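The values are calculated or read from the model by the stated rules, or taken from the named source; none is laboratory data. Keep in mind it's a predicted model, so treat the numbers as computed, not measured. For neighbour counting, all protein chains shown are included, and Cβ atoms are generated from backbone atoms with ideal geometry for every residue, glycine included. All accessible areas refer to the heavy atoms of the entire protein, side chains included, with ligands and DNA or RNA removed. Shrake-Rupley method; radii C 1.70, N 1.55, O 1.52, S 1.80 Å.
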Amino acid sequence: MRTEDAHQGKGLARAVLAEGLARLAALGALRMKVNYELSNPAATQLYRGAGFERVSTHTGWVWRR
């Protein structure tokens, strides 16, 4: 998920995330997981603000020719 530059800072991502989490919970979901770049402070703030807690970190590998 990404908010276009011109619309960032208006709470749109937070609203979409909150609605999605509410719908999943209403359907019985007990656990939700997100992945994002730790170097993205806006994402960190968004997910922590929504109640997510870091339980692990993931290291990705890519092979380029």
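Modelling each spin label as a point 7 Å along the Cα-to-Cβ direction, I'd like the K33/A6 distance in nm, to one decimal.
3.7 nm
At R0 = 35 Å, how high is the FRET efficiency between R14 and R64 if r is their beta carbon distance? Nearest 0.05 is fine.
0.50
Using a Gaussian network model of the chain whose springs link C-alpha atoms within less than 10 Å, name the residue from R14, R23, R31 with the highest mean-square fluctuation.
R31
Let me cross-check L21: its accessible surface, 1.4 Å probe, with only protein heavy atoms counted, in Å² to the nearest 10?
40 Å²
Most mobile of G28, G20, G11 per a Gaussian network model of the chain (Cα springs, under 10 Å)?
Looking only at G28, G20, G11, the biggest GNM fluctuation is shown by G28.
Using Cα springs under 10 Å in a Gaussian network model of the chain, which residue among A26, A50, A42 shows the largest mean-square fluctuation?
A26
Toward the positive end of the charge dipole of the chain, about the Cα centre and with charges on Cβ (Lys, Arg +1; Asp, Glu -1), which of V55, A18, Q8 goes farthest?
Towards the positive end, the residue furthest out is V55.
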